[in-house]
Amino acid sequence: MTPYRTIAQQSASYPVFISRGAIDGVGGIVSSAAGARKRPFVITSANLLEPFGRPVAASFDPPARIVLIEEGERRKTLETAAAAVTALLEAGAQRDSVAVVVGGGMIGDTAGFAASIFLRGIDLVHVPTTLLAQVDSSIGGKVAVNHPAGKNLVGSFHAPRAVVADIDALATLPERELLSGLFEALKSGIIGDVALFELTEQRRAAILERLPEVLEEVVRRSVDVKGEIVSADEREGDRRRLLNYGHTIGHGIEAATHYEGMTHGEAVGWGMIAANAIAVRRGMLPDQVARRIDDSIAAFRPTPPPSLDRDAVLRAMAHDKKFSGGRRVMILPRAIGLCEVVDDIESAELEYGIDAVTAR
């Protein structure tokens, strides 16, 4: 199987495979990317075992050992990562092992973090099975778990040896999970690919009908945007910060609502609406462009935040990793396809953005 592209980060380069039926070839890809002598361990959840976990394990000869972890955003914790480490030890994993992580963003982040700390780090391969994971979280080498004080506060930079995205995995994805990934794809279009944004506008019906060729283009274009950014800036300098468009207030909403009631992608969608309102208030973004972006987000029906408490969101944002040196940093758009890092955000502006979400 030929990779779609190679992500060339400072710490490592790795191939990204994007195609239909790619899961059947995971064993061969891992043997080539990580080395045929590596001992594979498939890490997934009980719900994903039959559709994806077992087929991936069976693609190895002999079949890979399977390790199960709990799923769900509320399980994205140090405790779950520690349980994965224990399970790897009990299954006989050693320094020459490779963790083949099969699942969505939560599974990828949590099991990926476990792989990064297991025996000081073992090889990692991502097999993302949700749209959000395929377009975003499996790319870039960041793995993390949540802390009660905020999202993704405990983590590592641990680049994978390969990423294998099977478009067929999206055929049975619950609609809300499909939509969750689309908000991240929209984000990619707004920060760096006008054609991707227009694709989500003009082919909305085809996307919702899950036409494979359209979904594959969404995934490929999103990977291109993120791949270019993380190749130029692996450790989150200004360039990589662009990927946080929609995440500053979005993460605050997630933490303030205890990761209940909405998906991560939905929270990012609301976070983009908040960022757009702040950009319009600053005179950075024309109002009609903000409305166009907001309408595109609304067209994919993000679940409204339940009884949003502005003060709770602000408290959650106080621990945001993007805030440093006393400065509040946000990514604000100037146009579709063009965003910039703004490091002098005022408290009043954050309040204004949160109120813009409440108003919708």
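If you scan the range 64-76, which residues turn out to be surrounded by fewer than 18 Cβ atoms within 10 Å (Cβ to Cβ) and modelled with pLDDT of 95 or more? Within the range 64-76, just 68 meets the criteria. Residues of the range 324-354 that are within 15 Å of residue 245 (Cα to Cα), of a type outside the set (Val, Ile, Thr) and more than 22 Å from the chain's Cα centre (by Cα): 328, 334, 335, 343, 350, 353. Taken over the range 234-255, the criterion of being surrounded by fewer than 23 Cβ atoms within 10 Å (Cβ to Cβ) and touching a Leu at 6+ places or on another chain (Cβ under 9 Å) is satisfied by 236 alone. Here residue 144 passes the criteria (1) within 27 Å of residue 21 (Cβ to Cβ); (2) free of Cβ contacts under 8 Å to residues at least 40 places away in the same chain except the one numbered (1).
Just to be sure, is residue 331 closer than 19 Å to residue 184 by Cα and touching a His at 6+ places or on another chain (Cβ under 9 Å)? Spelling it out, residue 331 is indeed closer than 19 Å to residue 184 by Cα and touching a His at 6+ places or on another chain (Cβ under 9 Å).
It is to be established whether one or more residues within the range 125-138 are within 26 Å of residue 64 (Cα to Cα), surrounded by fewer than 24 Cβ atoms within 10 Å (Cβ to Cβ) and hydroxyl-bearing (Ser, Thr, Tyr). For the range 125-138, residues within 26 Å of residue 64 (Cα to Cα), surrounded by fewer than 24 Cβ atoms within 10 Å (Cβ to Cβ) and hydroxyl-bearing (Ser, Thr, Tyr): absent.
On the stretch given as the range 281-313, residues that are more than 23 Å from the chain's Cα centre (by Cα) and either part of a helix (DSSP H, G or I) or among the polar types (S, T, N, Q) (or both) total 12. With a requirement of 1 or more residues that are over 23 Å from residue 173 (Cα atoms) and hydrophobic (A, V, I, L, M, F, W, C), the strands (runs of 3 or more DSSP E) lying completely within the range 39-104 that satisfy it span 39-44, 97-103.
The range 158-216 holds helices (runs of 4 or more DSSP H) entirely within its bounds, and those carrying 3 or more residues that are within 17 Å of the chain's Cα centre (by Cα) map to 175-192.
Looking only at residues in the range 242-268 that are hydrophobic (A, V, I, L, M, F, W, C) and either outside the structural domain of residue 186 (by TED's automatic domain parsing) or in a helix (DSSP H, G or I) (or both), the one that is farthest from residue 151 (Cα to Cα) is 242.
The residue that is nearest to the chain's Cα centre (by Cα), counting only those in the range 33-56 that are within 21 Å of residue 134 (Cβ to Cβ) and free of Cβ contacts under 8 Å to residues at least 24 places away in the same chain, is 49. Candidates are the residues of the range 314-360 that are in a loop (DSSP other than H, G, I, E, B) and charged (D, E, K, R); the one that is modelled with the lowest pLDDT is 321.
The values are calculated or read from the model by the stated rules, or taken from the named source; none is laboratory data. Remember, predicted model here, so these are calculated numbers, not experimental data. A quick note on method: Cβ atoms are made from the backbone with ideal geometry, for glycine too, and the neighbour counts reach across all protein chains shown.
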